[in-house]
Amino acid sequence: MENKKTLFFAALSLIILIVILSSFYQVRETEQVIITQFGKPVGDPVIEPGIHMKLPFVQKANFFEKRFLEWDGAPNQVPTKDKRFIWVDTYARWRINDPLKFFQRLRDEIGAQSRLDDILDGETRTAIANHNLVEVVRSTNRDTIIEDEDTGDFNKQEIFSRITVGRENITRQILEAAAERTADLGIELLDLRFKRINYVEEVREKVYDRMISERKRIADKFRSEGQGQASKILGEKERELKSITSDAFRRAQEIIGKADAEATRIYAGAYNKSDESRDFYRFMKTLETYDSTFTDKDWLILSSQSDYYKYLKSESGR
């Protein structure tokens, strides 16, 4: 009997403990709770943190986030107003501002994410289709600063189309239109941004090809200018080299001329001292002439009275 009583009280205590535990629930600072009874919400949402009570087994606590939540859309191919096909990737931040309405409409965050996909993607497509590409990618009409290739000065030039709306205003339009549709779902949209905007693959390849061609054109221009400068430098080098060579040759000839004149002066002084020295000089010069004029194969016909023949005669006069 004692064992049966002990088991009975232990079981009763366990049941009471389970009932007590199932009667209380804890709400954290980052949570808000909807109490449901047989699947239907009862009472007001519980948003105050702390320990709260509910009917055990009959009622259930459904927890929802108070904090900001993230929505990350999938990239979509969207045509702009000027028929440019682009990939648009967006993201948004939202929060549950009415947990009761949120629970009644969407039940949980998974359902909310699916509904946000429909709303935000749809509003994004509509906004993109109503604006030109330049409005989607630009936010301001600031001037483009370009360096002047001739002077090196930086000038402001307007090379892009002027915008009237801009990316920031387009995102605001999407956010406002989507917020009207999510308000009935217990969701407050806080912000929406374009994460990435890009051309579709076919158009992007053409843009890259055009960019490559432009870079090559600029590279060829610089290469041509470099080759022109190199040719100019080589030409100046050749001109300076010829000038230096010519000047050196002129100076060498002047030195040689002065040396020859000095040698002639010395020779003249040496051979002009007497009649015998002058005859010897004439004799030596004539021999040099013979050596530079005749070879063993030459025939020469001269008059016997010629000065050129004088030293060829023998002592007997023949």
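The values are calculated or read from the model by the stated rules, or taken from the named source; none is laboratory data. What you see is a predicted model; the values in this text were computed from it and never measured. Please note: Cβ atoms are built from the backbone with ideal geometry, for glycine as well, and neighbour counts cover all protein chains shown. Accessible surface is based on the protein model in full, side chains and every heavy atom, while ligands, DNA and RNA are left aside. Shrake-Rupley method; radii C 1.70, N 1.55, O 1.52, S 1.80 Å.
Structure data summary
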| quantity | calculated |
| --- | --- |
| Highest to lowest packing among 207-219, 191-203, 47-59, 89-101, scored as the average C-beta count within 10 Å | 89-101, 191-203, 47-59, 207-219 |
| With eigenvalues of the C-alpha gyration tensor scaled by 5 and rooted, segment 1-54, Å | 34, 13, 6 |
| Percent accessible area from carbon and sulfur atoms, segment 23-89, protein chains only, probe 1.4 Å | 56 |
| Probe 1.4 Å, accessible area per residue of segment 59-110, Å² | 57 |
| Net lengthening on full extension, SER22/TYR91 (0.36 nm per residue, minus Cα-Cα) | 20.9 nm |
| Global size of segment 1-106 as Cα Rg and Dmax, reported in angstrom | 23.6, 91 |
| Number of Lys pairs (Cα under 28 Å; 8 or more positions apart or on different chains) in segment 7-125 | 8 |
| Whichever lysines have a C-alpha closer than 29 Å to that of LYS221, once near sequence neighbours (fewer than 8 apart) are set aside | LYS156, LYS206, LYS232, LYS237 |
